[in-house]
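This report concerns only the one structure given below.
The values are calculated or read from the model by the stated rules, or taken from the named source; none is laboratory data. Treat the numbers as computed from the prediction; the structure is a model and nothing was measured. Glycine also receives a Cβ, built like all others from the backbone with ideal geometry; neighbour counts cover every protein chain displayed. Only protein heavy atoms, including side chains, enter the accessible area calculation; ligands, DNA and RNA are left aside. Shrake-Rupley method; radii C 1.70, N 1.55, O 1.52, S 1.80 Å.
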Amino acid sequence: MTEDFLQAKIVKEYTNKYCLKSHNPRNLIMSIPNGGLRNKIEAMKMQATGLLAGASDLIIIHFGVIYFVELKILGQKPRPNQLEFAERIKANGFNYLCFDNEDSFWIHF
């Protein structure tokens, strides 16, 4: 399973479980467009407008609690810039979680 496939599956299922208009409260899950190939001009524009290397894949607001979530394929570990981002998030009092499979994600949420 690719990381993109895992992320898409989690976003779809989380949305259906917690983010529909009928849910109260209506939670939120959103992605951070960090990955992918870009031409040099687009990359410079994204960096100038706040793109941060190492930022988590998802931000989830789950019943009033904010989580920054990194997703990895099974057995893969976060890169150094992702670990630095995680430390900055935790130092500011927020939750940072990293999952390499869907089951672990759903145990938490």
(message) For q values of 0.16, 0.21, 0.23, 0.24 Å⁻¹, compute log₁₀ I(q)/I(0) with the Debye formula on a Cα-only model of the chain, without solvent.
(response) -0.79, -1.23, -1.36, -1.41
(request) Could you work out how far apart the two model spin labels at residue 94 and residue 61 are, taking each label as a point 7 Å from the Cα in the direction of the beta carbon, and quote it in nm? (result) 1.2
(request) Convert each backbone phi in the range 44-49 into a coupling constant with the Karplus relation 6.51 cos²θ - 1.76 cosθ + 1.60 (shift: θ = phi - 60°), then list the ³J(HN,Hα) values in order as whole Hz, x for Gly and Pro. (result) 5, 5, 5, 5, 5, 9
(message) Need one word for the range 15-67: rounded, prolate or oblate. Basis is the Cα gyration tensor (sqrt eigenvalues a ≥ b ≥ c); a/c below 1.5 gives rounded, then a/b vs b/c decides.
(response) prolate
(request) Name the lysines eligible as straight-distance cross-link partners of residue 12: C-alpha to C-alpha under 18 Å, and not fewer than 8 places from it in the same chain. (result) 21, 72
(request) Express the relative contact order of the chain as a whole percentage, based on alpha carbon pairs under 8 Å and six or more residues apart in sequence. (result) 24
(request) Enter the angle in degrees (range 0 to 90, nearest 10) between the Cα long axis of helix 80-91 and the first principal axis of the Cα atoms of the chain, meaning the one along which they spread out most. (result) 50
(request) Could you provide, to the nearest whole Å², the per residue accessible area of the chain with probe 1.4 Å? (result) 66
(request) Sticking with the crude label model, points 7 Å out along Cα→Cβ, report the distance from residue 104 to residue 24 in nm, one decimal please. (result) 3.6
(message) What is the percent carbon and sulfur in the accessible area of the chain, measuring with a 1.4 Å probe over the protein chains and ignoring ligands?
(response) 58
(request) With everything on Cα atoms, drop me the angle between helix 3-18 and the longest principal axis of the chain, reported from 0 to 90° to the nearest 10. (result) 30
